[in-house]
1. Looking only at helices (runs of 4 or more DSSP H) that fall completely inside segment 1-94, which ones have 2 or more residues that are open to solvent by less than 30 Å² (accessible area, probe 1.4 Å) and of a type in the set (K, R)?
2. Taking the conditions exactly as written (under 25 Å from D145 (Cβ atoms) and out of contact with any Phe, Trp or Tyr (no Cβ under 9 Å at 6 or more places or on another chain)), does T85 satisfy them or not?
3. Yes or no: G69 more than 13 Å from the chain's Cα centre (by Cα) and among the small types (G, A, S)?
4. Specify the residue that is most open to solvent (accessible area, probe 1.4 Å); the eligible residues are those in segment 97-123 that are within 9 Å of the ligand (Cβ to nearest atom) and either in a helix (DSSP H, G or I) or over 21 Å from M56 (Cα atoms) (or both).
5. Across segment 72-96, which residue is nearest to K153 (Cα to Cα) among those that are among the hydroxyl-bearing types (S, T, Y) and more than 7 Å from the ligand (Cβ to nearest atom)?
6. Which pairs have Cβ atoms under 9 Å, sit 6 or more apart or on different chains, and link a residue in segment 91-102 that is modelled with pLDDT of 95 or more to one that is within 6 Å of the ligand (Cβ to nearest atom) and hydroxyl-bearing (S, T, Y)?
7. Checking the structure you have, find out if any residue of segment 88-110 is farther than 22 Å from E12 by Cβ and aromatic (F, W, Y).
8. Just wondering, is there one or more residues in segment 52-69 that are of a type in the set (A, V, I, L, M, F, W, C) and under 18 Å from L112 (Cβ atoms)?
Amino acid sequence: MRIRPFTNDDAEETAQMIAKTLRISNSKDYPEQYIEFNIASHSADELIKAANERHMYVACDGERIIGTGGIAGYWGSLTESILLTIFVLPEYQGNGVGRKIIGALEKDEYFLRAKRIEIPSSLTAVEFYRKMGYDYKNGITEPEDGMMYRLEKFR
Ligand SMILES: CC(C)(COP(=O)(O)OP(=O)(O)OC[C@H]1O[C@@H](n2cnc3c(N)ncnc32)[C@H](O)[C@@H]1OP(=O)(O)O)[C@@H](O)C(=O)NCCC(=O)NCCS
């Protein structure tokens, strides 16, 4: 398994990987409508647009894309950044791929220049991110609108 920068040629396969992961892994925590909305907002076209504004990576098993993750400046800040679009295919979860994606993101210049890094976390992934050293933003342990936790790490 290796992690490399995303290119636009990866967009279609990455979008399909995210859609599968949302439908299988996240559907236990979210209604179908929310899952389908999220799939639409991670279409190939949307990923290409997103990649213009953030550094995106893909995790590959051979040629196959099995995970992804991205990092960007937080609303244009030079001292705060945000981790986004982190997914690992269900059949590859629990084997350290997510940890390796976080490792790659934490070597990225958007991470290294930041004093604070935020993650909008799904209900599904919150314990994973806590294991990666991210804590509840402002000590708020309840998800916003019951849908999303805000986590952060200081450097
Ligand atoms: C969250 C996700 C990216 C984690 O990827 P992963 O490859 O399964 O994670 P890893 O195997 O690298 O796990 C790293 C550590 O976190 C722990 N962990 C992972 N998911 C966990 C969970 N749901 N609950 C508790 N611990 C968890 C693992 O046990 C492991 O701990 P260890 O190193 O002590 O053994 C993956 O499960 C996923 O894609 N989930 C669905 C999509 C999603 O919600 N993404 C986040 C959007 S904000």
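The values are calculated or read from the model by the stated rules, or taken from the named source; none is laboratory data. Computed from a prediction, not measured in an experiment: that's the story for all the values here. Note: ideal-geometry Cβ built from the backbone for every residue, glycine included; neighbour counts use all protein chains shown. Side chains included, ligands, DNA and RNA excluded: accessible areas come from the protein's heavy atoms. Shrake-Rupley method; radii C 1.70, N 1.55, O 1.52, S 1.80 Å.
1. It comes to none.
2. So T85 passes the test.
3. Criteria not met by G69.
4. R99
5. S81
6. Close Cβ pairs (under 9 Å, with a partner that is within 6 Å of the ligand (Cβ to nearest atom) and hydroxyl-bearing (S, T, Y)) amount to Q93/T21; Q93/S25.
7. Taking every residue of segment 88-110 in turn, at least one turns out to be farther than 22 Å from E12 by Cβ and aromatic (F, W, Y).
8. yes
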